[in-house]
Amino acid sequence: MVFMPSRPLEPGDRYGVLSGFDPGTRTLPAGFRLAPAFRELPVDIVLEKDVAVTMRDGVTTYVDILRPVGAEKVPVIVAWSPYGKGEGSAPAAMGVFGLVGLANDIVSGLHKFEGPDPAYWCARGYAICNPDVRGVSDCEGDSVLWDRQEGQDCYDLIEWLAAQDWCTGKVAMSGTSYLAVAQWFAAAEQPPHLAAVNPWEGVSDTYRDLVLRGGMPDTGFARQLRDNSYWGKGRKEDILAEAERYPLVNDLWRNKIPRVERITVPAYVVASYSNSLHTAGTFRAWRRIGSKQKWLRIHNSQEWPDYYDEANTDDLRRFFDHFLRGDDNGWERTPRVRYALLDLEGGDRVNLPAQQFPPADVTYTKYYLDGASRTLGTEPPAQASTAAYDTQANPNFVSFLVRFGEQTTMVGYPKARLWVEATGADDMDLFVFVQKLDRHGTPLQQFTVPNHGARVHDVTERGASILRYKGSDGRLRVSMRHLDETQSTDEVPAHSFDRVQKLTPGEVVDVEIDLLPVGLVFYPGEQLRLVVSAQNLFGTWMPGLREYSPRNTGQHVVHTGGSRASYLQLPIQPAG
């Protein structure tokens, strides 16, 4: 691992009201308001601030605990992340709510950013633990980003919490993004008192999802995490230096893959089709997780509005009440999968029940590319042809279309299998997109957040792809095309990323590229557009991130038909 100096947490955009080191116990009375922008507390809450917790290696960390007043023992929910214990009330966090169109008074400000709100949970008989993790704020040790060290530290915290005199011995975890990823690592360590987890959209492979998706060093968000999320007195992991030093999967990157098959506790997993950072990892973990009691809900928005929606929080409480409090509330009759179908025209359907994902009635259909007509069809073209683009030209992509004569529903995992060739280069950075077009050929898109104002239009025009859904995408550096036979399936190819296979002049190779899962409805006359591109047409995940510059030169050639029948494989659900 590579480390660099951290910087102490100082007042500023990421400094919330309760960020300062101030050990002690106090009671926040019902009606208390942390700051004018936030909601009042509905009940009296005990705040134990900056409680010391010692990890197995002797490192001391500090946590805030918020719990209901009274002698009754309660279960506790952990919100694990490097974001400060007080960051829920920080200007940066409040600004995120403003950007997506959420009012800050839906929360108390006592929550960790992207974590459960004590105002809600303490009123319903739960405690919340907001830790500062190793190396952050006043904690000892060196910070790490998403690896088994975090899982072991969280194990130690869970077992410490379970032994407190106010706790029933039942501990859960909840939260989105980083707080979701931490749950994969913690639950894989199998702490005895962890009773349930709720990962709400989070990557499950630091190499494949964060720093080297498709084998390309796209490190814009990793840079933001490294530079803005690990404020402390010691050192922090330099994930960018590691990505540059170790471009192939090695033991460092394997240590950053949570062993989700070891997770056995009940899990309520939440996902979306639209989060180009988290979607692939959330669905991957869902597929591989070892829990026999696992539920998946796929929504049609963005993680923050979805997480803080009160109906969804009530739904989560039913899950926790069942597994942490023993309530016989019918939770186990909840469908194991609830999925969404998007039509991008105001007619989305959500909470559709199924026992698996994709639903059992889905079949996979190949749509073959025709380079001559630039169409997609269910029969492979007999005549071989090509479609090519100059990687430095405008446009530097090629498209293929299919128009549907009847209503067509897709739900599951798309993939592309392409025969490709590079002219004037020994490698190719390939980007693949699937878009929905209306009957007139206009691309259909949909905001995933409540704010539809001018600012959101601006930031999502060429980026911020998690805030506006434009379709499904995938990417691959062709020299990294080797498949991992132990993980690949026909539906979802998985690459080993442990070797480099450069192209030779005139060499044509076949590559498989996984695209983000979809739930899309096409009405008669509407079209699907497949784009093969030399650049990421959707832009960065969030505003302000550094754009990735593909390592492309020369010309890309896509071969179709004959013995090189490139195709797009789509998960089709029968009508009715």
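Values quoted throughout were computed directly from the atomic coordinates according to the rules given, and no laboratory measurement underlies them. If you're wondering where the values come from, they're calculated on a predicted model, not measured in any experiment. All Cβ positions, even for glycine, are placed from backbone atoms using ideal geometry, and neighbour counts span all protein chains on display.
Some values worked out for this structure:
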{"read-out": "Total charge dipole magnitude, the stretch 242-333, about the Cα centre, Cβ charges on Lys, Arg, Asp, Glu only, Debye to nearest 20", "value": "600"}
{"read-out": "Percentage relative contact order, the stretch 3-261, counting C-alpha pairs under 8 Å, at least six apart", "value": "22"}
{"read-out": "Distant-in-sequence amide H partners of Ser276 (H built 1.01 Å from N, under 5 Å)", "value": "Ile466"}
{"read-out": "Residues Thr54, Thr504, Thr176, sorted so that the one with the fewest Cβ neighbours within 10 Å comes first", "value": "Thr504, Thr54, Thr176"}
{"read-out": "Relative contact order (%) - criterion: Cα under 8 Å, at least six apart; region: the chain", "value": "14"}
{"read-out": "Cα-based Rg and Dmax for the stretch 363-573, where Dmax is the largest Cα-Cα distance (Å)", "value": "17.1, 50"}
{"read-out": "Extension gain (nm, one decimal) between Val500 and Glu244, 0.36 nm per residue minus Cα-Cα", "value": "90.7 nm"}
{"read-out": "Cα centroid separation - the stretch 338-361 against the stretch 39-77, whole Å", "value": "39"}
{"read-out": "Sorted by Cβ neighbour density within 10 Å, fewest at the top, the residues Thr560, Thr27", "value": "Thr27, Thr560"}
{"read-out": "Rg [Å, one decimal], Dmax [Å, integer] - the chain, C-alpha atoms", "value": "24.1, 78"}
{"read-out": "Shape parameters for the stretch 3-261, alpha-carbon atoms, Rg then Dmax in Å", "value": "17.7, 54"}
{"read-out": "Histogram of C-alpha separations across the stretch 428-489, 10 Å bin width, %", "value": "17, 34, 28, 17, 3"}
{"read-out": "Computed label-point distance, nm, for sites Asn394 and Thr365 using a 7 Å Cα→Cβ extension", "value": "3.7"}
{"read-out": "Whole-angstrom gap from the stretch 205-238 to the stretch 555-576, using each part's C-alpha centre", "value": "34"}
{"read-out": "Gyration tensor (alpha-carbon) shape descriptor, the stretch 98-212, a/c threshold 1.5", "value": "oblate"}
{"read-out": "Label-point separation in nm, His440 to Ala52, each point 7 Å along Cα→Cβ", "value": "6.9"}
{"read-out": "Entries of Lys366/Lys502; Lys415/Lys436; Lys170/Lys294; Lys73/Lys170; Lys85/Lys236; Lys436/Lys470 with Cα pairs more than 20 Å apart", "value": "Lys366/Lys502"}
{"read-out": "Calculated FRET value between Asp484 and Arg546, using beta carbons and R₀ = 35 Å, to 0.05", "value": "0.75"}
{"read-out": "FRET E, pair Glu507, Met4, Förster distance 51 Å, beta-carbon r, rounded to 0.05", "value": "0.80"}
{"read-out": "Arg254 paired with Ala71, simple spin-label distance in nm, labels 7 Å along Cα-to-beta-carbon", "value": "5.4"}
{"read-out": "Rounded FRET efficiency, nearest 0.05, which uses the C-beta distance separating Ala123 from Asp13 and R0 of 30 Å", "value": "0.50"}
{"read-out": "Per-residue [θ]222 nm for the chain (sum of -39500 (n - 2.57) over DSSP H runs n ≥ 4, rounded to 500)", "value": "-5000 deg cm²/dmol"}
{"read-out": "Extension reserve of the Ala454-Asp227 stretch, reckoned as 0.36 nm per residue once the Cα distance is removed", "value": "78.8 nm"}
{"read-out": "Contact order normalised by residue count of the stretch 205-244, Cα under 8 Å, 6+ apart, percent", "value": "35"}
{"read-out": "The stretch 29-172 shape via C-alpha gyration tensor axes, a/c threshold 1.5", "value": "oblate"}
{"read-out": "Within the chain, percent of DSSP bridges classed antiparallel, to nearest 5", "value": "75"}
{"read-out": "Cut-off 14 Å between beta-carbons: net charge of the residues surrounding Glu140, Lys and Arg +1, Asp and Glu -1", "value": "-2"}
{"read-out": "The stretch 87-104 versus the stretch 269-316: alpha-carbon centroid distance in Å", "value": "21"}
